[in-house]
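Input: a single structure, listed below in structure tokens.
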Amino acid sequence: MLKKLLSVFILGVLMCGGARAELKVDIVAGAAQPISIAVQKFEVGDGVRSKDAAMMREVVEADLKRTGLFHIVNHDAFPEYVKMHGMPNFKSWAAIKAQVLVQAKVVQLDGGQYQLDFFVWDVDGREQIEAQSLVATKKSARRLAHIMADAIYERLTGEIGYFDTQIVFIAETGPVHNRTKRLAIMDQDGYGMRYLSDKDTFVMSPHFSPNMQSIVFLSYYNDDPMVWSLDLDTGEQRRLGMFGGMNFAPRFSPDGTRVAISLVKNGITHLYEYNIESKELRQLTFGNSINTSPSYSPDGKKMAFNSDRSGRQQIHVLDLETGEVERLTYGSGRYATPAWSPDGQFIAFTKMADDTFYVGIMDPRGRNEKILAGGWFMEAPSWAPGSRRVVYYETERHIDGIERISHIRSVDITGQNIYDIELPDGVNGLEPTWSPKLL
């Protein structure tokens, strides 16, 4: 697995003080007053490349800053440099309005691995609130920084971090009228993008397995639209099954034992569930309507999907035990591509109304709808671990003589702090799916 290949190990928590409520980020309000964090220059031991330590500090700061929940204190304002195991002068740090101080040191072990130790201090409370030691190969130094940022984020918000994650998506290249679509994967900050499929096969709709061992996706291999799986260890691709019709929009169940698909038979599209072990296929929806875009609830007992059974494309929820279907959306416009949040509190969706596309969220009963972003064309919302952010793609309006450009964007559930995930030049990003945490 990816997490095995990266060889990251947490040695354990060294020491940690009591929680202080006043340091918690007000995540419900979207952190109108972000917490100010000072991240010191990392100490380095013998054999550690200074550029690696500098890079790790930059990654930690960038991860925290992108959330919109934290303010990174300017390095030039630092009143002192506190060595590891030394006691900060809290009065001096408070004078520059730093609320949190972070120290770190990187040393090289006998086996050539890097060990990263870090301390987190509550300046106002004058106590250490987090301390950890992490070990990884030199090649995984960047990932060590993401794990460190996760630990700081989790300590200060009480939420699950999402920095040590990846995003799989469709990378689109070439002229606007002759685009090549390939499976690609990258870190959540856009670093290290690499292709997972060749340029000769049209692919769509990638989705991670819960254990990160494989990806399911739609492939037009030999012009035959079918769902395939890709083993992330070996690169091996396999057809999911022979279902006797075009099948697409695959999604893993939370336990990874089943895959929901949309399957076209006799001109009608219905939802089916494929059991990976028994290779049995079970039909889930019936009638003459179009049913697609399945998304399991976190407990695996329900499935959100979009259907035109009411005359217009709307989101419904299927109870997988009873077979009962409940309509969720009644607002103006058409609703599609539902995505259940990992904590079960929200369903993200795409909405089309008044010649505009929107990405929004609602509760699992279809109430409290909130629009997060709007534009000419946007689709495919997917959740970060912890259910704090949604990733989606947005395509700019095509004007004659100008290339059509698609961006992968991330937005907070408050609708604030939208940012692009940077891709290599000439690469458009479509249909992103956020991975579970790698550890």
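Throughout, read-outs are computed from the coordinates displayed, never taken from laboratory work. Bear in mind that the values here come from a model prediction, so they are computed numbers and not experimental data. So basically every Cβ, Gly included, is an ideal-geometry build from the backbone, and we count neighbours across all protein chains shown.
Selection among 307, 146, 162 by position relative to the dipole of the chain gives 307 as farthest towards the positive end (Cβ unit charges, Cα centre).
Taking the chain as a Gaussian network, where each spring joins two C-alpha atoms under 10 Å apart, which residue of 259, 216, 427 fluctuates the most? Among 259, 216, 427, the largest mean-square fluctuation in the Gaussian network model of the chain belongs to 427. By the rule of a C-alpha distance below 25 Å, with chain neighbours fewer than 8 residues away ignored, the lysines paired with residue 41 are 24, 51, 65, 83, 91, 97, 105, 138, 139.
Neighbour counts of other Cβ atoms within 10 Å put 221, 274 in the fewest-to-most order 221, 274.
At 37 °C and 0.692 mPa s, grab the translational diffusion coefficient of region 167-434 from Stokes-Einstein with a Kirkwood Rh over Cα pairs, rounded to a whole number in µm² per second.
Working: Rh = 18.8 Å.
Estimated diffusion coefficient is 175 µm²/s.
Of 257, 285, 165, which is the most mobile in a GNM of the chain whose springs link Cα atoms less than 10 angstrom apart? Judging by the Gaussian network model, the answer is 257.
Taking a straight Cα-Cα cut-off under 26 Å and skipping sequence neighbours fewer than 8 places away in the same chain, the lysines within cross-link reach of residue 302 are 265, 279, 351, 370, 437.
Would you work out the charge dipole size for region 167-434 about its Cα centre, treating the Cβ of every Lys and Arg as +1 and the Cβ of every Asp and Glu as -1, and quote it to the nearest 20 debye? Before the final figure, lay out the partial values.
Working: 27 positive and 35 negative charges, 127 e Å.
Here region 167-434 has a charge dipole of around 600 debye.
Over all directions, the projected convex hull of the C-alpha atoms in region 254-401 averages 10.5 nm² in area. Comparing 242, 84, 193 in a Gaussian network model of the chain where C-alpha atoms under 10 Å apart are linked, the largest mean-square fluctuation is found at 242.
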